[in-house]
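Engineer: Have a look at this one.
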Amino acid sequence: METRELFWSLDSLEIALFYMVGVISILCFLYGCWLHFRKYQNVRPASGHIAWRASIVKLFSDLLSHRTLVRRDKLAGIAHAAIFFGFIFAAIGTTIIFIDYDFVQPILGYSFWKGDFYLVFSLVLDLGGAALIVGLIAMIWRRWIIRPAKLNYDRTYSEAASAQPAIQHWRWEDHVFLWTLLIISISGFLIEGLRIYSEQPEWARWSPVGNLVAQLYAAAGLQLHTADVLRVWGWWAHGVLALAFTAAIPWYKAKHIISVLGSLLLRDTKPLSRLPSEPENAENVGVAVISDFNVKDVFDFDACTKCGRCHEACPATTTGYPLSPRDLILDLRTANAKPSSGLIAIESVIDERTLWSCMSCGACQDICPVGIEPPSKIVKMRRNLVDQGKFEPLLQATFTSLSDVGNSFGESPRKRSAWVNELEFPVKDIREQPAKHLWFVGDYASFDPRNQVVSRTFARLLKAASVDFALLHEGEHSAGNDIRRAGEEGLYHMLAEHNLEQMNAAQSFDKILTTDPHSYNTIRNEYPEYQDVAEIEHYTSTLVGLLKGGQLKVTKPLNRRVTFHDPCHLGRLNGGYDAPREVLELIGCEIVEMPRNRDNSFCCGAGGGRIWMADMPGEKPSANRIKEAASLTDIDCFVTCCPKDLNMFEDANKTTDHTGEFTVSDIAELVAEAVELDRLSISDVPSLLEKIIDKSSQIVADSILYRLNAGLGLHSNAQQPEAPTQLTETTTKSIPAISDKVPATPTGPQSFPKESSGGTGLGAAHEPADVIPYQELHVTQKELRKMEWGALAPVEAAVLPTYDLPEKGKHRILVAVKHVGVLDDDFQITGSDFGALSGSFDYKINEWDESAVELALLLSEKLGECEVVVVTVGNEGSESSLRKALAMGADRGVRLWDDSLVDADPITIARGLAGVAKQEQPDLILCGVQSADLGYGSTGTAMAAILGMPHSASVTDCDWDGESRLILRRELEGGTQHCFSLAAPAVLTIQTGSNQPRYATMRMIKQAKKKTIELVDGACLDDGSSGFVVNRVYKPVTEKATMISDGADEVAAFIVKKIKEVREG
Amino acid sequence: MPGILIIAEHLNGSIARISKEIVGAASGLKEGFEGRLFVVVLSNGDARLSDEMNLEGVDEVINVNVGSDHFDSSIYEDVIIEISHKLQPSLILFGHTANGMACAAAIAARLGTGYASDIIDMQFVDGQLTATRSAHAGKIQQELVFPNKNVVTLTIRGATFRAPEVEGDASLTQQDYEGMDLGGGIEHIEYIAPSTAGVDISKADVILSIGRGIHSPDNIPRFAAIAEKLDVTLGCSRPFADAGILPKAHQVGQSGTVASTCKLYIAIGISGAVQHMYGMKHVDSIVAINIDPNAPIFDAAKYGSCADSLEVANALEALLESS
């Protein structure tokens, strides 16, 4: 009967011993597993979107097909398959024997491990064992002889020393794992060979490898009794080693066998393209300590097999940034060694620079054979950094810009659609009119000049194809994709909410289009978490439709060799590889793929907010990519379909000096060429006519109005049409040199300004555009308090109505802030005072005052027990600047106002602030040197004089122990700093640049809503204490560049002359 | 109308340029007043400072010995107020500088004079003093008047008026300050000069800035040499700093440095990307050289040319060689 004796030559004691070893081994194994599970209990439950059934199916499918392992490393994939299946067969085989011997036989009284079953069993196991050995040898060969770079754990970017102990351990376990298995496998065959040699069963050929070994023994003339001895010792050695291996599984590299099941099973269906929201009621924002991670995360840490594929794929690693996804995961694993590790702070494990290096490209998670998802972990850790204010100033400026004006360019929202002005046709506004398609443009495509060209091209293509589309125009804000990946979750939420509100309020549309893969990604995958959103299409798909459908006809196939760069957010994150390629083929381009294409596309380096951060030293990813393209033979064009890609690669093309070889173009531009867009008529004739009629009637009306007014001697406040630009070097009425001026003849306040030469008759000469006739002075004239020598009029602090304030603690710092408006370029003057500047203002806190608030907060943190109070003289809108200061950390706000103060001069303001100071009795008063709008630079100093306090201006550094003297530095012209001490209490005006005002996250802004702002009536301020009265306000003439000669010699001479002029004043 | 009082500033033994410019500004107004032009210098008794202020148009320079050369706002305020009581000027002028901003408004508030700051033009219109200043980043100008104020205090913007070139024949008087306790509020410690090592775009008055339009980074040394010969600061747009070809300190722009004190900005081969313009579009005088007539930099520039950047380099080198 075909079978074999299981415990040959062992007596019952020895069998018992063996079982004991087996039981110990299993207990050890289980204990190791249990320790891991205990660790997993300390973290958050798995969040994210897991489709369980599909996930289980995918798990088995991926493992059995080994598809994730053969990608980009066939050798490793096949060798691993051999090991995997060989090991599984061995494991299954052992289990079968165990079941037969320990359950079926004793309980049911028969054995199935015999006969044909046994023969097939033997064959399968022998082949499996052989495969296992081949696989192991291949892997050993790969690790020791081939030595792929990705298996090198050395870090070039950080302190190698601190990582060394872990690295040594990894190398050790890599080898132990392979060699131990190899020894077990080989010893198994050696012993099988001994058995077959001794027992000579007829069915020996059903164990081909064992049979072969037996024949080798025969050839070597092995003595039978030697064989028996060897067999006993060998059996024990092999058995104990195998059991030891089993016991050790959870304790080192071998644990991936189990943890991989977790990491694969818990895979998010859209990792990175759809980030998880913050859990409700979480103590920390993002991930601050290990236990803030979730179960999937810790499975990921334990599942990593150090294969290095992510390390190889990561653009940050490749270009020398201090980030390797593999090292990140492994460092977290090392830190998470024990159940108590949950308390370990991330900042002690992962360096901030590592976290900020990530470009959110998804290359790592895409290639990981075991489904590890580093990018979302990085975003979670970034969220905590952002909450703590740990990010670079450039990024902070971007946060501020997005939060203030809804775009990352710091441009007024009103300018968002300025790019459409150069189009030959009007572009619909979805807020007013319905359209089939809403084109969500995005920041870069709206504001960046190079990308504005692409936007216009695509707009013209749509027009030529008669596609009905509209924009949100000024209603659109940044979609927020990158800000979310930079970790400012609150700001993302604000932007998404805004855009969704706009879309909800708009007229109807069926589909959304965009040229921006980042906007595409977040609107497609993340906005639906808030509400249902219309389907969104990337413009490459739109173009395919239009080209195939015939709405755009290719009349001039390009016949060019091009290479195409897959944008991360379209390709890897959303599977959009084919549409752009189809477009290129349809327009007659031959696509020459770069070695790293499609899912292996190499990021341009702009994602993850990195475009808003300072470059790290080393090669730029975009340069690396361009060089890859340059290595292709003879391509004409490098094609992109993402605004950031276009910027990055055009730049890189220039700095790597390949502009002579190929151009960088957007796909829309190529399509425009192929359909000969410039030959198509796309302007709307009717609306052009309308424009002409409008313009000419306006000119006629203005001219009539002017003459009427001039003739009637009235002062109109209609704005004059722009004067023709008088381009001479010295004409600026704005800054005349006094020394050669003759005082104008006194004409009285009611006459026309002196520039007008034509008097008041009809047919007067056209008045220059800079002078807007002002209103009758008696309308706006204020009275100033009389002052002369012998009758002084010192300014006194205002006596304000008292308000509630808490009792003063140890220290109190009062900071005066201003809510300043940045005037838009298109504004109108409708009167003589600032209140009548009807123009568009974008408001925010004055940046000098922000520095003052920051200084106050730094001092108060140092002193402890110090209250920071912020005060402003402003209308209701100015409360938002007070709230900003409160969000930064100030304790309380005071707002002083009366409508009569709309034009208040610095003396009046100072009077009011002094009134507040008299009630607050602060130990230190701070304010900015000047305000960004009017720039008087006087309020703080005037306030100090009114209060009779020591003071200093332009202070950059302040050292104060809370007692009677301040050690200060102030900045003089030319950069010299003056160090001195000043008696406290004092008033200081603060210069920017000496500190970085902290960023108020959305969370801090929400919390600040609970702090109080007291409103104080400022009616008593307006008593004539002002220092001046505004007579009139006007727009100075501005000029476009005067074009001087194109001759280099003249230009050079001109430059030298200009330098001389400036230097000699 | 008794006249104009100018408060001079000085540092390290020489008069600040702006004080001389104010003389130029004020002497133009003297004809509107019928008065004298006084200059007061507070110092440790150094007569050379007074000599420096003896410029055309000045009638009297008063050197007040306050026992120190260092600016102390409380001393300046007390002394100036006392002197003003004696001289009774109609106009008190300061520079709009760190020092001026530390005391001018205080004096105005203590006396109750008319007051305005950062003035770029002064005129008499119908017997009234009219002062002009700009606001909202230069987009607007304000014309201010001071009715009922017989005395007006102003701070004057620098690099706006022309300093007289010719010496005057002012009488020079010396005073020792006899008055209240001086000091106490401020105690001088030291001055710290700015670091000269390296480049500081924010302090550069003239910048020669280069961009990718100079064709190849290999051409940078030529422009650097030209900048050195012209004694101007070399600036650049982002790509060169990014590529590490030029130190980051040279980069002008939103992610580089803002050319905050620059008076003349020469941009060669710079197209004028939004982020770059952020760092220099405020500069009064911008000369832009770019082969592309549609380059956005021409919107900010005062003068432009479409000459080729390398040809301009050749021409500059030739010019500098010959001179």
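Engineer: Out of curiosity, is A:THR555 buried (at least 22 other Cβ atoms within 10 Å of the Cβ) and among the hydroxyl-bearing types (Ser, Thr, Tyr)?
Structural biologist: Numbers: buried (at least 22 other Cβ atoms within 10 Å of the Cβ): no; among the hydroxyl-bearing types (Ser, Thr, Tyr): yes.
In short, no.
Engineer: If we only count strands (runs of 3 or more DSSP E) wholly inside the stretch B:261-323, which ones have 1 or more residues that are open to solvent by 10 Å² or more (accessible area, probe 1.4 Å) and in the same structural domain as B:ILE226 (by TED's automatic domain parsing)? Talk me through it step by step, then tell me what you get.
Structural biologist: Details: elements: B:264-268, B:285-289, B:303-305.
By residue number, B:285-289.
Engineer: In the set A:PHE112, A:PHE117, which member is part of a loop (DSSP other than H, G, I, E, B), under 25 Å from A:PHE7 (Cα atoms), free of Cβ contacts under 8 Å to residues at least 60 places away in the same chain and out of contact with any strand residue (DSSP E or B) (no Cβ under 7 Å at 6 or more places or on another chain)? Outline the logic, then answer.
Structural biologist: Values: A:PHE117 fails: part of a loop (DSSP other than H, G, I, E, B).
Unique residue meeting the criteria: A:PHE112.
Engineer: Which residue, of A:LEU264, A:LEU330, A:LEU343, is under 27 Å from A:MET616 (Cβ atoms), under 31 Å from the mean Cα position of the chain (by Cα) and touching a residue at least 12 places away in the same chain (Cβ under 8 Å)?
Structural biologist: Values: A:LEU264 fails: under 27 Å from A:MET616 (Cβ atoms); A:LEU343 fails: under 27 Å from A:MET616 (Cβ atoms).
One residue alone meets the criteria, A:LEU330.
Engineer: Regarding A:SER508, is this residue surrounded by fewer than 24 Cβ atoms within 10 Å (Cβ to Cβ) and under 30 Å from A:VAL675 (Cβ atoms)?
Structural biologist: Taking the combined requirement at face value, the residue satisfies it.
Engineer: So which pairs qualify, if the first residue must be in the stretch B:219-240 and closer than 17 Å to A:THR655 by Cβ, the second must be at pLDDT below 90 and aromatic (Phe, Trp, Tyr), the Cβ gap must be under 7 Å, and the two must be at least 6 apart or on different chains?
Structural biologist: Matching pairs, first to second residue: B:ILE220/B:PHE240.
Engineer: Of the conditions (1) crowded, with 16+ Cβ neighbours inside 10 Å; (2) touching a strand residue (DSSP E or B) at 6+ places or on another chain (Cβ under 6 Å), A:LEU1021 fails just one. Which one is it?
Structural biologist: Failing condition for A:LEU1021: (2).
Engineer: Hey, any hits in the stretch B:107-123 for a residue that's more than 7 Å from every other protein chain (Cβ to nearest Cβ), surrounded by 24 or more Cβ atoms within 10 Å (Cβ to Cβ), outside any strand (DSSP E or B) and in contact with a helix residue (DSSP H, G or I) (Cβ under 9 Å, 6 or more places away or on another chain)?
Structural biologist: Among the residues of the stretch B:107-123, at least one is more than 7 Å from every other protein chain (Cβ to nearest Cβ), surrounded by 24 or more Cβ atoms within 10 Å (Cβ to Cβ), outside any strand (DSSP E or B) and in contact with a helix residue (DSSP H, G or I) (Cβ under 9 Å, 6 or more places away or on another chain), which makes the answer yes.
Engineer: Kindly indicate whether B:PRO293 is over 25 Å from A:LYS1040 (Cα atoms) and not acidic (Asp, Glu). Outline the logic, then answer.
Structural biologist: Values: over 25 Å from A:LYS1040 (Cα atoms): no; not acidic (Asp, Glu): yes.
When the stated conditions are applied, B:PRO293 does not pass them.
Engineer: Please identify the pairs in which a residue from the stretch A:401-429 that is under 23 Å from A:SER508 (Cβ atoms) has its Cβ atom under 6 Å from the Cβ atom of a residue that is among the basic types (Lys, Arg), counting only partners at least 6 apart or on another chain.
Structural biologist: As it stands, the answer is A:PHE425/A:LYS463, since those pairs meet every condition given.
Engineer: Can you tell me how many residues within the stretch A:650-670 are in contact with a Cys (Cβ under 6 Å, 6 or more places away or on another chain) and under 22 Å from A:ASN521 (Cβ atoms)? Can you show your working first?
Structural biologist: In the first step, residues of the stretch A:650-670 are kept if they are in contact with a Cys (Cβ under 6 Å, 6 or more places away or on another chain); the result is A:662-663, A:665, A:667.
Among the residues that remain, those that are also under 22 Å from A:ASN521 (Cβ atoms) are: A:667.
Of the residues in that region, 1 qualify.
Engineer: B:GLN88 is checked against (1) within 8 Å of chain A (Cβ to nearest Cβ); (2) free of Cβ contacts under 8 Å to residues at least 40 places away in the same chain and fails just one. What number does that condition carry?
Structural biologist: (2) is the only condition that B:GLN88 fails.
Engineer: Something else now. Hey, can you tell me all the residues within the stretch A:803-825 that are buried (at least 23 other Cβ atoms within 10 Å of the Cβ), assigned to a strand (DSSP E or B) and among the aliphatic types (A, V, I, L, M)?
Structural biologist: Of everything in the stretch A:803-825, those that are buried (at least 23 other Cβ atoms within 10 Å of the Cβ), assigned to a strand (DSSP E or B) and among the aliphatic types (A, V, I, L, M) turn out to be A:ILE813, A:LEU814, A:VAL815, A:ALA816, A:VAL820.
Engineer: Okay, next question. Confirm whether A:LYS620 is under 18 Å from A:THR655 (Cα atoms), basic (Lys, Arg) and crowded, with 18+ Cβ neighbours inside 10 Å. Don't jump to the end; show me each part of the working.
Structural biologist: Details: under 18 Å from A:THR655 (Cα atoms): yes; basic (Lys, Arg): yes; crowded, with 18+ Cβ neighbours inside 10 Å: yes.
Judged against the criteria, A:LYS620 is a match.
Engineer: Of the conditions (1) under 30 Å from A:ALA984 (Cα atoms); (2) open to solvent by 40 Å² or more (accessible area, probe 1.4 Å); (3) of a type in the set (Ser, Thr, Tyr), B:SER43 clears all except one; give me its number.
Structural biologist: Answer for B:SER43: the failing condition is (2).
Engineer: Only one of these conditions is not met by A:ARG460: (1) within 24 Å of the chain's Cα centre (by Cα); (2) touching a residue at least 24 places away in the same chain (Cβ under 8 Å); (3) open to solvent by 10 Å² or more (accessible area, probe 1.4 Å). Which number is it?
Structural biologist: (1)
Engineer: Looking at the structure I just gave you, is A:PHE121 open to solvent by 30 Å² or more (accessible area, probe 1.4 Å), on the phi < 0 side of the Ramachandran plot and at pLDDT below 95?
Structural biologist: Details: open to solvent by 30 Å² or more (accessible area, probe 1.4 Å): no; on the phi < 0 side of the Ramachandran plot: yes; at pLDDT below 95: yes.
No, not satisfied.
Engineer: Answer with yes or no whether A:LYS1010 is free of Cβ contacts under 8 Å to residues at least 24 places away in the same chain and open to solvent by 50 Å² or more (accessible area, probe 1.4 Å). Before the answer, list the steps.
Structural biologist: Details: free of Cβ contacts under 8 Å to residues at least 24 places away in the same chain: yes; open to solvent by 50 Å² or more (accessible area, probe 1.4 Å): yes.
The answer is yes for A:LYS1010.
Residues checked against (1) assigned to a helix (DSSP H, G or I); (2) open to solvent by less than 20 Å² (accessible area, probe 1.4 Å); (3) in contact (Cβ under 8 Å) with a residue 24 or more places away in the chain:
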| residue | (1), (2), (3) |
| --- | --- |
| A:SER55 | yes, yes, yes |
| A:LEU75 | yes, no, yes |
| A:GLY93 | yes, yes, yes |
| A:ASP100 | yes, yes, no |
| A:ASP126 | yes, yes, yes |
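Engineer: Taking the stretch A:838-865 as the region of interest, how many residues are without any contact (Cβ under 8 Å) to a residue 60 or more places away in the chain and crowded, with 20+ Cβ neighbours inside 10 Å?
Structural biologist: 2
Engineer: Let me ask another. If you take the residues in the stretch B:55-76 that are in contact with a strand residue (DSSP E or B) (Cβ under 6 Å, 6 or more places away or on another chain) and away from every other protein chain (no Cβ under 14 Å), which one is surrounded by the fewest Cβ atoms within 10 Å (Cβ to Cβ)?
Structural biologist: Taking the candidates together, the pick is B:ASN65.
Engineer: Looking at B:ARG133 and the list (1) under 19 Å from A:ALA910 (Cβ atoms); (2) out of contact with any helix residue (DSSP H, G or I) (no Cβ under 8 Å at 6 or more places or on another chain); (3) within 7 Å of chain A (Cβ to nearest Cβ); (4) not hydroxyl-bearing (Ser, Thr, Tyr), which single condition is not satisfied?
Structural biologist: Every condition holds for B:ARG133 apart from (3).
Engineer: Of everything in the stretch A:939-973, what is without any contact (Cβ under 8 Å) to a residue 60 or more places away in the chain and at the interface with chain B (Cβ under 7 Å from one of its Cβ atoms)? Give them in sequence order.
Structural biologist: Selection gives A:THR941, A:ALA944, A:PRO950, A:HIS951, A:SER952, A:ALA953, A:SER954, A:ARG970, A:GLU971, A:LEU972, A:GLU973.
Engineer: Now for a different question. Would you check if there is a residue in the stretch A:899-908 being over 23 Å from B:PHE94 (Cα atoms) and at pLDDT 95 or above?
Structural biologist: Narrowing the stretch A:899-908 to residues over 23 Å from B:PHE94 (Cα atoms): A:899-903.
Within this subset, residues satisfying the condition of being at pLDDT 95 or above are none.
Within the stretch A:899-908, not a single residue is over 23 Å from B:PHE94 (Cα atoms) and at pLDDT 95 or above.
Engineer: Being without any contact (Cβ under 8 Å) to a residue 12 or more places away in the chain and at the interface with another protein chain (Cβ under 7 Å from one of its Cβ atoms) is the filter here; which residues of the stretch A:1022-1052 pass it? Spell out the reasoning first.
Structural biologist: Filtering the stretch A:1022-1052 down to residues without any contact (Cβ under 8 Å) to a residue 12 or more places away in the chain leaves A:1038, A:1041, A:1043-1052.
Scanning the stretch A:1022-1052 gives A:ALA1041, A:MET1043, A:ILE1044, A:SER1045, A:ASP1046, A:GLY1047, A:ALA1048, A:ASP1049, A:VAL1051, A:ALA1052.
The values are calculated or read from the model by the stated rules, or taken from the named source; none is laboratory data. Quantities reported herein were computed from a predicted structural model and do not represent experimental measurements. Backbone-built Cβ (ideal geometry, glycine too); neighbour counts: all protein chains shown. Accessible surface areas use protein heavy atoms only, side chains included; no ligands, DNA or RNA. Shrake-Rupley method; radii C 1.70, N 1.55, O 1.52, S 1.80 Å.
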